[in-house]
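What follows is one structure encoded as structure tokens, with my remarks underneath.
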Amino acid sequence: MVPNFHEKLEEYAHLLVEVGLNIQPGQLVRVAAPVECAPLARLCAQAALDQGAKDVVMEWTDDFITRQRYLKADGKVFEEFPSYLKEKFDWMLQEECTALSIIGSDPEMLRGVDASRIQAWQRVQGKNTRAWHDALSANRFQWSIGAHPTRAWAEKVFPDKKGEEAIDALWEAIFTVCRISGDGKAVERWKEHVEATARRAKLLNEYNFRTLHYTNSLGTDLTITLPENHVWAGGSEDTPRGVEFVANMPTEEIFTAPRWDGVHGRVYAAMPLALNGNLVKDFYLDFENGKIVGIHAGEGEEYLRDSVNTDEGASYLGEVALVPYDSPIRNSGILFYNTLFDENASCHLAYGSAYPNCVKGGEKLDEAGQKAVGLNQSMTHVDFMIGTQDLSIVGTTQDGREIPVFEDGNFAF
Ligand code: ZN
Ligand code: ZN
């Protein structure tokens, strides 16, 4: 058993609701969670109602049934989005329902499932829930993501431990990287962390770099052009009504969008990538005018190719994120097989959609307008890790000055 488990779990729920979502009185909250994550989901629902939420809309999922459906259900069901679900998403959008996702799925849940079924469903779902997801990614109302270990996930992360022992080890790791100690001060610690991150983002915005040049000993040699009026964000974000929230818990990154057509060179992954439960290892990507023109992986190359071919925009980048090599997650030495954590271990890029507010005023533009200012459009968004201990990043300002941004894997300022 994890020492002070119940205190820590309560502290986590408060952190997610008070700092992650920052629920305001009268707001609706949608909590989505796998059934195995019920203990945390319940505490979050309770904390949200205690904070004055109008109501909690619960959405349970189940890995076992999801897998059974993908393997055995009539293929047609993955090609049509049920109208009642569409109505639900439209209703949540209209109600400006805040969203908390608690994740804990088996990283290999979809192993061996026909990839075309998954992609068909992702396309159909993407299209029909687009308005809702666009509103969230434009931060029109608060959203946040937390995690709860499940047995399959914990045993994947700690292969030499079994059952409860693995689950406890994963809880300890999650609490540590979320700065939760059971002393009730996590909310305070997060406020400090968020401020420190915001200071660095402000500096990056003042530099207003034209390009970033990445190099390391793996062979990465990549130049990324940033859009005019790009905005670096990190730590917390604000809704149009000025409600501050933290979208990912934990978060260590400061991120913006690249120009979709402004990426050149080669980048090597620093960590394996989990794609729908399949691992892609030792890979690199080659870019020309922003487009991925070469893919090579030591293992799982076919999954990476499928993913990059989800739609036209999936073969262009949508995110550039800076994370110091000395982050609590990297220092834990644990590969979580989960983007929420692993993306905060390392500098990363994402292929697929860009966050619209990474360019000033981007959230007010339509799709074509966003593309014109450099923001990539896609139904997918997949982060992959590229930060190594020897990563160097040099920024070039609009007037041609070269400024070190990263030296030996960490911020140079
Ligand atoms: Zn990111
Ligand atoms: Zn991302």
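So which residues in the stretch 309-322 are at pLDDT 95 or above and buried (at least 18 other Cβ atoms within 10 Å of the Cβ), if there are any at all?
GLY313, ALA314, SER315, TYR316, LEU317, GLY318, GLU319, VAL320, ALA321, LEU322
Determine whether ASN216 is of a type in the set (S, T, N, Q) and surrounded by 21 or more Cβ atoms within 10 Å (Cβ to Cβ).
Judged against the criteria, ASN216 is a match.
Select, from GLN389, GLN398, GLN377, the only residue that is in the same structural domain as ASN278 (by TED's automatic domain parsing), touching a helix residue (DSSP H, G or I) at 6+ places or on another chain (Cβ under 8 Å) and either open to solvent by less than 10 Å² (accessible area, probe 1.4 Å) or more than 12 Å from ligand 2 (Cβ to nearest atom) (or both).
Exactly one of GLN389, GLN398, GLN377 is in the same structural domain as ASN278 (by TED's automatic domain parsing), touching a helix residue (DSSP H, G or I) at 6+ places or on another chain (Cβ under 8 Å) and either open to solvent by less than 10 Å² (accessible area, probe 1.4 Å) or more than 12 Å from ligand 2 (Cβ to nearest atom) (or both), namely GLN377.
Kindly list the number of the only condition in (1) within 14 Å of ligand 1 (Cβ to nearest atom); (2) closer than 30 Å to ALA152 by Cα; (3) among the small types (Gly, Ala, Ser) that fails for ALA354.
The one condition ALA354 does not meet is (2).
For the stretch 272-366, which strands (runs of 3 or more DSSP E) that fit wholly inside it have 3 or more residues that are of a type in the set (Gly, Ala, Ser)?
Fully inside the stretch 272-366 and qualifying: 291-299.
Take the residues of the stretch 59-96 that are of a type in the set (Ser, Thr, Tyr) and open to solvent by less than 60 Å² (accessible area, probe 1.4 Å): which is farthest from SER116 (Cα to Cα)?
So the residue we want is THR66.
Look through GLY333, GLY294 and report the one residue that is of a type outside the set (Asp, Glu), more than 16 Å from ligand 2 (Cβ to nearest atom) and open to solvent by 20 Å² or more (accessible area, probe 1.4 Å).
Step by step, each of GLY333, GLY294 is checked, and only GLY333 is of a type outside the set (Asp, Glu), more than 16 Å from ligand 2 (Cβ to nearest atom) and open to solvent by 20 Å² or more (accessible area, probe 1.4 Å).
Out of curiosity, is PHE406 within 16 Å of ligand 2 (Cβ to nearest atom), in a strand (DSSP E or B) and not small (Gly, Ala, Ser)?
no
Could you grab me the full set of residues in the stretch 376-403 that are out of contact with any Phe, Trp or Tyr (no Cβ under 8 Å at 6 or more places or on another chain), in a strand (DSSP E or B), more than 15 Å from ligand 1 (Cβ to nearest atom) and touching a residue at least 40 places away in the same chain (Cβ under 8 Å)?
VAL394
Would you please name the residue that is nearest to GLY234 (Cα to Cα), looking only at residues in the stretch 154-200 that are among the charged types (D, E, K, R) and crowded, with 19+ Cβ neighbours inside 10 Å?
ARG179
The values are calculated or read from the model by the stated rules, or taken from the named source; none is laboratory data. Since the model is a prediction, treat every value here as computed from it, not as a measurement. So basically every Cβ, Gly included, is an ideal-geometry build from the backbone, and we count neighbours across all protein chains shown. What goes into the accessible areas is simple: the full protein's heavy atoms, side chains included, and nothing from ligands, DNA or RNA. Shrake-Rupley method; radii C 1.70, N 1.55, O 1.52, S 1.80 Å.
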